[in-house]
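Each reported figure results from applying straightforward, stated rules to the coordinates on display, with no laboratory input. All values derive from a computational prediction rather than experimental measurement. Because the Cβ atoms are built from the backbone with ideal geometry, glycine has one as well, and the counts that use them run over all protein chains shown.
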Amino acid sequence: FAVYTVLLSVLAKAGGVKAVENAFQEMKKEWRPNAFTYNAVISACRKAESVGKAEEWVQKMKEDRVKPDIGTYNSLIGVYGKQRMVEKAEMIRKEMVSRGVHADARTYYTLLNMYGEMELWDEVGVLWEEMEKKGVRAEACIFSSLIGAFGKAQKADMAEKWWEKMERAGVEPNLKTFCSLLNAYGRSNLVERAESVWQAMKAKKFFFDALSYGIMMDMYFRNGRHDQVLSWHREMGRNGVRPNDITRSTLIMSSAASGDLVSTQKLFQGMLRSWQGVDVTTWNSMAALYCKHKRVEEVLNLFGEMKQRGVKPDAVTYSTVVDVCGKVGRFEEAERLFQEMLDRDLKPDSQLLSKVVSNYGRHNQPEKAREWFQRLTGAGVVPNVNCFTALMSSLLKTEQYSEARDVFGDMREQGLQVD
RNA sequence: AUUCAGAGUGAG
């Protein structure tokens, strides 16, 4: 029975709610599921970012008369936390209180993680105090999470402060904690500090993984030090660490930014020939490179080839192919591909909107730009400043001053910060 | 036994 529960969580990590659900059904034939079993399934829904499914499973759990435990509440908070549904997450916390279930360390970790990702630092402070008051001890993992959040927000100073806090608390940092600090420096372009963290890690005899190298490569890439990207990639290989999807995509990006099109193509072809192949993000990076050069045929060929190889195009892929068609004025094709995107249940976003609008503007079709703006916002896309700006410049191209002013007014009405 | 932490791709 316990083996089944472990199996569920392993399947969840391997990446499929479907597989988890199937295994659950199999198991149900022989055993009666308990809270642990349901918790594992709910957690799988969190990984798949499926709130609806998670809620369904909570319902099933109730129908099955299995009482939710602290793990269930924590998992559910995790489900909402990942989607940044603060109110829902807090609601669960209140429900816990009313049922006499006490928040534990993981409850706080999950909530802190959510607030950190959302950059709601005040809430982080409040929760932290509450946690300390309750005598819940922070572990390395929560410091990784918060230092990572500060890093993403390019607040290296805050990341440092929390690192010191961790040291004062006597918590021993692990590889993930070091990596979050490394990345904090990387994101703030503090290359030398990142390098010295790396040295400190080396002194501690950590075994670096591809993720660690990936952080360094990404930092050098963003700082335009493409030679360093290459040499760290080589260093990784020398140390017997296999490149993964992310280091591959960083390598492609770096080559795209530094070399000519042909050498990037060669690099990409070489990756395709290897047994690992490349993932959708790397395909997307390559497609974006062609798109930038307005090489429609290449983008479309790439698009076809990736499908042939069984890599599922995502919303970014479609955004790029629709964009490149629009760039060169092939709007019927763009329209067809856009429809295909919807048929595949992929959600258009504000970036796609701004691209489509500016492409119509570029080709002096402001009416079409406006039409698409309405169509997409009607479909639930929330336009940002870029979208409004694209629409305004489309209108201004044909000297529609008052219309552009109206758009400007609409933008301010939406409460958007004018930049 | 189950529930929490670290890196990559597209727009004006």
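Pop the C-beta distance of residue A:223 and residue A:307 into the FRET formula with R0 = 30 Å and round what comes out to the nearest 0.05.
Numbers: r = 35 Å, r/R0 = 1.17.
Rounded to the nearest 0.05, the efficiency is 0.30.
Given 0.36 nm per residue, what is the gain on full extension from residue A:379 to residue A:399 after removing their alpha carbon distance, in nm? Kindly include the intermediate steps, with their values, before the conclusion.
On the way: separation 20, 0.36 × 20 = 7.20 nm, distance 2.83 nm.
4.4 nm is the gain from fully extending residue A:379 to residue A:399.
Taking the Cβ-Cβ separation of residue A:367 and residue A:90 as r and a Förster radius of 51 Å, what is the calculated FRET efficiency to the nearest 0.05?
0.65
Ordered by packing density, taken as the mean number of other Cβ atoms within 10 Å over each peptide's residues, highest first, how do A:375-387, A:318-330, A:58-70, A:407-419 rank?
Output ranking for A:375-387, A:318-330, A:58-70, A:407-419: A:318-330, A:375-387, A:58-70, A:407-419.
Using the crude model of +1 on Lys and Arg Cβ and -1 on Asp and Glu Cβ, and no other charge, please compute the dipole size for chain A relative to its Cα centre, in debye to 20. If you can, show how the numbers build up before the last one.
Numbers: 60 positive and 55 negative charges, 217 e Å.
Dipole about the Cα centre, nearest 20: 1040 debye.
HN-Hα J couplings of the range A:350-359 from phi, Karplus 6.51/-1.76/1.60, θ = phi - 60°, integer Hz, Gly and Pro as x?
5, 5, 4, 4, 5, 5, 4, 4, 6, 5
Could you sort out which of A:94/A:152; A:88/A:312; A:266/A:292 sit more than 21 Å apart by Cα distance in this structure? If you can, show how the numbers build up before the last one.
Working: A:94/A:152 30 Å; A:88/A:312 32 Å; A:266/A:292 18 Å.
Too far apart for the 21 Å limit: A:94/A:152; A:88/A:312.
Going Cα to Cα from residue A:327, which aspartates and glutamates come in below 19 Å? Please leave out same-chain ones fewer than 8 positions away.
A:297, A:298, A:335, A:340, A:349, A:367, A:371
Rounded to whole Å, give me the distance from the Cα center of the range A:87-138 to that of the range A:254-270.
For the range A:87-138 versus the range A:254-270, the Cα centre distance is 46 Å.
Using alpha-carbon positions, what is the distance between the centroids of the range A:1-53 and the range A:278-335, in Å?
36 Å
With θ taken as phi - 60° and the coefficients 6.51, -1.76 and 1.60, list the Karplus ³J(HN,Hα) couplings across the range A:118-129 in order, rounded to whole Hz; mark glycine and proline as x.
Once θ is set to phi - 60°, the couplings for the range A:118-129 become 8, 6, 8, 5, 4, 5, 4, x, 4, 4, 4, 4 Hz.
Give the lysines whose C-alpha is closer than 24 Å to that of residue A:155, dropping any in the same chain fewer than 8 places away, or say none.
Answer for residue A:155, where 24 Å is the Cα cut-off: A:82, A:165, A:176, listed by chain and number.
Using only Cα atoms and rounding to the nearest 10 degrees, what angle (0 to 90) does helix A:401-413 make with the longest principal axis of chain A?
The answer is roughly 0 degrees.
Okay, which of the range A:33-64 sit inside 18 Å, backbone N to the point 7 Å along the Cα-Cβ direction of residue A:6?
Zone members listed by number: A:34, A:36-41.
Could you give me the ³J(HN,Hα) list for the range A:310-325, computed from phi with Karplus coefficients 6.51, -1.76, 1.60 and θ = phi - 60°, whole Hz, x at Gly and Pro?
Here the 3J(HN,Hα) series is x, 8, 7, x, 10, 4, 5, 4, 5, 4, 5, 5, 5, 4, 5, 5 Hz.
Compute the angle between helix A:86-98 and the longest alpha-carbon principal axis of chain A, please, reported from 0 to 90 degrees and rounded to the nearest 10.
Helix A:86-98 and the main axis of chain A meet at about 10 degrees.
Residue A:62 to residue A:119: FRET efficiency via 1/(1 + (r/R0)^6), r the Cβ-Cβ distance, R0 41 Å, to the nearest 0.05? The partial results should precede the final answer.
On the way: r = 35 Å, r/R0 = 0.85.
Step by step, r from the Cβ atoms, then E = 0.75.
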